[in-house]
Amino acid sequence: MESDEAFVRAFLNACAAGDLSSTQDAISSGRLSTENLDEGLERATREAHPNVVAILFDAGARATSAKDWLTGTQPQMPGIIRQFFDHGLDPNT
């Protein structure tokens, strides 16, 4: 079994790359903390991967953890922004 550090690093790389299958596998393992999910959400948001953002929210990532990344390095998708609002981000903050 790979170390926890290597496992989390692989998970975060999968989130940033938009690798839905690897992200789902990591979540299903039960080895990720809420903080790991939040960091994955930041990376998936920054790189504009709406499907990965959705499964991270479903797994328990917190909307407030990645709100600063909504501008992203690529044009942001309205669907990602909507997911943040649907998961508790206040548009007035």
Restricting attention to the stretch 20-30, which residues are open to solvent by less than 60 Å² (accessible area, probe 1.4 Å) and not in a helix (DSSP H, G or I)?
-> 29
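This table checks each residue for (1) open to solvent by 60 Å² or more (accessible area, probe 1.4 Å); (2) modelled with pLDDT of 95 or more; (3) closer than 18 Å to residue 8 by Cα; (4) not in a helix (DSSP H, G or I).
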position: 32; (1), (2), (3), (4): no, yes, yes, yes
position: 42; (1), (2), (3), (4): no, no, yes, no
position: 68; (1), (2), (3), (4): yes, no, no, no
position: 72; (1), (2), (3), (4): no, no, no, yes
position: 81; (1), (2), (3), (4): no, no, no, no
position: 85; (1), (2), (3), (4): yes, no, no, no
Between residues in the stretch 3-16 that are modelled with pLDDT of 95 or more and assigned to a helix (DSSP H, G or I) and residues that are open to solvent by less than 30 Å² (accessible area, probe 1.4 Å) and not polar (S, T, N, Q), which pairs lie under 6 Å by C-beta distance while being six or more apart or on different chains?
-> 11/26; 12/40; 15/40; 15/44; 15/52
If you check residue 23 against the conditions, is it of a type in the set (Val, Ile, Thr) and modelled with pLDDT of 95 or more?
-> yes
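The values are calculated or read from the model by the stated rules, or taken from the named source; none is laboratory data. As the structure is a computational prediction, the values presented were derived from the model and not from experiment. Using ideal geometry, Cβ is built from the backbone for each residue, glycine included, and neighbour counts are taken over all protein chains shown. For the accessible areas, the whole protein counts, side chains as well, though only heavy atoms, and no ligand, DNA or RNA atoms are used. Shrake-Rupley method; radii C 1.70, N 1.55, O 1.52, S 1.80 Å.
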